[in-house]
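The values are calculated or read from the model by the stated rules, or taken from the named source; none is laboratory data. In this text, all values refer to a predicted model and were calculated from it rather than measured experimentally. All Cβ positions, even for glycine, are placed from backbone atoms using ideal geometry, and neighbour counts span all protein chains on display.
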Amino acid sequence: WGHRRLQDTFGTCGIPKIGWQIDPFGHSREQASIFAQIGFDAMFFWRFDYEDKKKRLAEKSMELIWQGSDDLGSSSDIFTSAMEMGYGPPPGFNWDLANGGNDDPIIDDPESEDYNVDKTVDRLFTYAKVYSNYYATNNVLFPMGTDFFYQDANMWFKNMDKLIKYSNQRKSNGSNINVFYSTPTCYLHGVHMANHTFPTKKDDFFPHASNTHSYWTGYFSSRPAIKRYEKVGNNFLQVCKQLDVLTQGN
């Protein structure tokens, strides 16, 4: 129903084609299969095991073809991209003043003592070069925004407009970095045009560990009924314990 409503309202281009799984604590193979079967072209996520991430960064395998089902074959395959930097802007580019953003806006008046165009563009280019070492193509995706951001959208777009303008001006001096507004779909098109052969994966991105002793398990289960029974049963157990204490006191 949701897709039909979007198509009726916005046309075919309004139907989502990207799975945006940025903040779950792990990812199941079945999710990849479902996304592929409903017609998604790709899925993007952030959180996954820190050791797996370290290995993929070194091998430039942060992007892959996730094979969602042995039975369904290629119809359940989906391009998958793990975002190294999370789903927010890189450090130094948080202009959301209503949400704790305290990074300096871009001051492009050469007469101002706070002029900072050069160092801001330098910072962006540094991140672009670092992240390019982790991905197999020459496309780098910077998510500009995160939870509850854009309460002052004008501040964001005003600074991003300047960032794009002054970054691209450097191409006249030999820079090979092209900065522009994009979407996951447009990014996917750029990756596809690179004609790279990506590695494959068949299993889950479970369990999720953020460091040596921090496993984010327990958020998902194939036995939700058992977890419910355990929770309800534990409530009764605690009540019985308290009643037992009260009766012994009498």
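Consider the range 161-171 and keep the residues that are in contact (Cβ under 8 Å) with a residue 12 or more places away in the chain and within 16 Å of residue 115 (Cα to Cα). The one that is nearest to the chain's Cα centre (by Cα) is 163. From the list 78, 15, 34, the one residue that fits, being in the same structural domain as residue 143 (by TED's automatic domain parsing) and out of contact with any helix residue (DSSP H, G or I) (no Cβ under 6 Å at 6 or more places or on another chain), is 34. Out of 202, 171, one residue alone is in the same structural domain as residue 143 (by TED's automatic domain parsing), in contact with a strand residue (DSSP E or B) (Cβ under 9 Å, 6 or more places away or on another chain), of a type outside the set (Gly, Ala, Ser) and farther than 30 Å from residue 14 by Cα. It is 202. When the range 197-231 is limited to residues that are loosely packed, with under 10 Cβ neighbours inside 10 Å and not in a loop (DSSP other than H, G, I, E, B), the one that is modelled with the lowest pLDDT turns out to be 224.
Here's a check for you: in the range 65-118, which residue that is in contact with a Lys or Arg (Cβ under 6 Å, 6 or more places away or on another chain) and in a strand (DSSP E or B) is surrounded by the most Cβ atoms within 10 Å (Cβ to Cβ)? Top of the filtered list is 66. Taking residues in the range 57-69 that are at negative phi and modelled with pLDDT of 95 or more, and partners anywhere that are part of a loop (DSSP other than H, G, I, E, B) and hydroxyl-bearing (Ser, Thr, Tyr), the pairs with Cβ atoms closer than 7 Å and at least 6 places apart or on different chains are 57/134; 62/134; 62/135; 63/135.
Residues in the range 47-64 that are crowded, with 16+ Cβ neighbours inside 10 Å, farther than 12 Å from residue 198 by Cβ and not hydrophobic (A, V, I, L, M, F, W, C): 47, 49, 53. Just one of the listed residues (178, 159, 173) is more than 30 Å from residue 78 (Cα to Cα) and exposed (fewer than 14 other Cβ atoms within 10 Å of the Cβ), and it is 173. The single condition from (1) more than 23 Å from residue 209 (Cβ to Cβ); (2) in a loop (DSSP other than H, G, I, E, B); (3) of a type in the set (Phe, Trp, Tyr) that residue 134 fails is (1).
Applying the condition of being closer than 30 Å to residue 209 by Cβ and of a type in the set (S, T, N, Q) to the range 7-29 and asking which residue is surrounded by the fewest Cβ atoms within 10 Å (Cβ to Cβ) yields 28. Selection of the range 30-45 for residues being crowded, with 19+ Cβ neighbours inside 10 Å and either part of a loop (DSSP other than H, G, I, E, B) or of a type outside the set (S, T, N, Q) (or both) yields 32, 35, 36, 42, 43, 44, 45.
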